[in-house]
Amino acid sequence: DAGVTQSPTHLIKTRGQHVTLRCSPISGHKSVSWYQQVLGQGPQFIFQYYEKEERGRGNFPDRFSARQFPNYSSELNVNALLLGDSALYLCASSYIMGSSYEQYFGPGTRLTVT
Amino acid sequence: AQSVTQLDSQVPVFEEAPVELRCNYSSSVSVYLFWYVQYPNQGLQLLLKYLSGSTLVKGINGFEAEFNKSQTSFHLRKPSVHISDTAEYFCAVRLNTGGFKTIFGAGTRLFVKA
């Protein structure tokens, strides 16, 4: 079975531009989470979506938004890019079973803002 | 609020030696605990998790961790490391109240020397 897939693998943008990152969860998984991992740091939670609804949001500005589609894939959008948005963006999927569940991470999208 | 502190940013160790990577957490409510490994240019892979029950948890690749509630610690151990264990290791906590937000530590770089 295919794991979590993310596209593109790498991306270079300039300040002020907009970017869209995409994630396809493992087949059967209904929840997708997004994380930002700045070089040398641990991942930071951005969003969680379950059944197409936002279920959690981290401490990120409104320039960050996301959505989940009927097929459970997801997009992360970032407007008005800043140099500080340069990071590895990780997507994780999970299948909710009670209150204990495991997240499976994709390989990430490396975003560089110049 | 929850927080995770990984006490060592880097741990150099010789091949076949034992290793311990330390993790302390802070939370006013019950949490689930995780250890992830990240190889260069890859996403995160779950090593092991503590949800409830036995405080000694065994994971993949010969790793194990012990949950200590009184010391709020979840240290990761391996009795004999291999060169291939060289990677970044992240400790993480998640509320067990149904929320999805996962808090990661800053990571510990394990470097195994021949």
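Just so you know, all these numbers are worked out from the coordinates, no wet-lab data involved. No experiment lies behind these values; they were computed from the predicted model shown. Here Cβ is always computed from backbone atoms with ideal geometry, including for glycine, and neighbour counts include all displayed protein chains.
Quick one: of the DSSP bridges fully inside chain B, what percent are antiparallel, nearest 5?
Roughly 90 percent of the DSSP beta bridges within chain B come out antiparallel.
For residue B:84 and residue B:39, calculate 0.36 nm times their separation in residues minus their Cα-Cα distance, and state this gained length in nm to one decimal.
Extra length available between residue B:84 and residue B:39 comes to 15.2 nm.
When you look at the Cβ of every residue in A:34-42, what mean number of other chain Cβ atoms sits within 10 Å?
For peptide A:34-42, the averaged partner shielding equals 4.
Could you tell me how far the Cα centroid of segment B:1-64 sits from the Cα centroid of segment A:36-58, in Å?
If you average the Cα positions of each part, the centres end up 20 Å apart.
Label points 7 Å out from Cα along the Cβ direction at residue B:2 and residue A:5: separation in nm?
Modelled inter-label distance: 3.1 nm.
Taking each residue in B:17-26, count the Cβ atoms of any other chain within 10 Å of its Cβ, then average. What number comes out?
0
Put a dot 7 Å past each Cα toward the Cβ at residue B:52 and residue B:16; how far apart are the dots in nm?
The answer from the label model is 4.3 nm.
With the contact rule set at Cα under 8 Å and sequence spacing of 6 or more, what percent relative contact order holds for chain A?
36 percent
Below 13 Å, Cα to Cα, which aspartates and glutamates can residue A:52 reach? Residues fewer than 8 away in the same chain don't count.
A:75
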